[in-house]
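Heads up, the thing below is written out as structure tokens.
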Amino acid sequence: MAIDVVVNQRHLQIQLKQLETVWHTVINGYNLSQAATVLHTSQSSLSKHIAALENQLKTEVFIRQGKRLTGLTTMGTALMPHIESIFAEIRTIENLSLDFNNPNIGTLTIATTHTQARYVLPQVVKEFKDRFPKVNLILQQADPETIAQMVIRGQADIGIATESLLHNNYLRCYRYYDWTHRVIVPSDHELASQESIDLPTLASYPIVTYHGGFTGRGAIDKTFDEAGLEPDIVLAALDADVISTYVGLGLGIGIIAEMAFEPSHYQNLTAIPVDHFGRFTSWMAVRDDAEIRQYGRAFIELCQKQFAN
């Protein structure tokens, strides 16, 4: 298949394989060896495709350090949105064909945070697998910004996260659910009987909470900063289970997402509602210019049904 590109009234025959090489090279971190493995070809073959494209465009697409590719040139950066759109259309056509011939067979990749995968999605996943037993479901865990990029670049069909999804022009977002934080303390802690805790009191204790960029940590930092307080964050982790474990050991008081507190797992801990850090919304996102498989849409519907009441 060839794609005609008109530049300065000249007709350039750019092969789809050349664009596919650029695309896979970028999404595989500029690692030609890894891209070659994904494409089931040789590294030298990919190098030839890149050279042929750059020769036709009469400019380089990649920045090089020696023989290594390290990034995109100005031209490469300008090309990428168009290349991604081309392959989004191709995926849509493929998905239409697959839905027509094998509607209940395939692979669905969900990119999400640990918090969503561990505490929110299990029931949805169970219902989905009961309904679509022949669909291979993959959960890829990452930070919110990476999740957005995975969906944009076709590495994931659906992204689920709180941050980074809604304000991205390449994504179409669906509201999932709203949540706030909880303070957790040992059941024999002096704060355990409190119905609420003010910010100065929170800041006076050692705090165990999320790592930067995860589960509302930015809002936690901003709230303390705007109040002129400097909290003592003695431990930051990605996982509420880890936070809960260290709170139980007396390392400090914990701040976690409300959906991550499991009383049956941590009977030695007490959770106290707090609204200082704001209310958050978790979103589901797909690429705006491509359609996912029918069972992918069914997965989104199951998620929306989960919090419908």
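Return the residues of segment 100-133 that are touching a residue at least 12 places away in the same chain (Cβ under 8 Å), of a type in the set (D, E, K, R) and open to solvent by less than 80 Å² (accessible area, probe 1.4 Å); say none if nothing qualifies. Listed by number, the residues that qualify are Arg118, Glu127.
In this structure, does Gly250 turn out to be of a type in the set (Gly, Ala, Ser) and in the same structural domain as Glu195 (by the TED database)?
On the way: of a type in the set (Gly, Ala, Ser): yes; in the same structural domain as Glu195 (by the TED database): yes.
Yes: the conditions hold for Gly250.
Take His167 and tell me if it is part of a loop (DSSP other than H, G, I, E, B) and not assigned by the TED database to the domain that holds Thr112. Answer is no for this residue. Give segment 147-192 a look and list any residue that's closer than 18 Å to Thr115 by Cα and among the charged types (D, E, K, R), or say none. Glu163, Arg175, Asp178, Arg182, listed by residue number.
Answer yes or no: is there a residue in segment 134-152 that is touching a His at 6+ places or on another chain (Cβ under 6 Å) and open to solvent by 60 Å² or more (accessible area, probe 1.4 Å). Checking segment 134-152: at least one residue is touching a His at 6+ places or on another chain (Cβ under 6 Å) and open to solvent by 60 Å² or more (accessible area, probe 1.4 Å).
Counting only residues that are without any contact (Cβ under 8 Å) to a residue 60 or more places away in the chain, of a type in the set (A, V, I, L, M) and either open to solvent by less than 10 Å² (accessible area, probe 1.4 Å) or not assigned by the TED database to the domain that holds Tyr246 (or both), how many does segment 199-222 have? Of the residues in that region, 3 qualify. The set of residues from segment 206-230 being under 20 Å from Ser244 (Cα atoms), at pLDDT 95 or above and in contact with an Asp or Glu (Cβ under 8 Å, 6 or more places away or on another chain) comprises Pro206, Ile207. Select from segment 223-261 the residues that are without any contact (Cβ under 8 Å) to a residue 24 or more places away in the chain and in a loop (DSSP other than H, G, I, E, B) and write down the one among them that is most open to solvent (accessible area, probe 1.4 Å). It comes out as Leu249.
The values are calculated or read from the model by the stated rules, or taken from the named source; none is laboratory data. Please read these numbers as outputs of a predicted model, since none were measured by experiment. Using ideal geometry, Cβ is built from the backbone for each residue, glycine included, and neighbour counts are taken over all protein chains shown. Quick note on the areas: whole protein, heavy atoms, side chains included, nothing else; ligands and nucleic acids left out. Shrake-Rupley method; radii C 1.70, N 1.55, O 1.52, S 1.80 Å.
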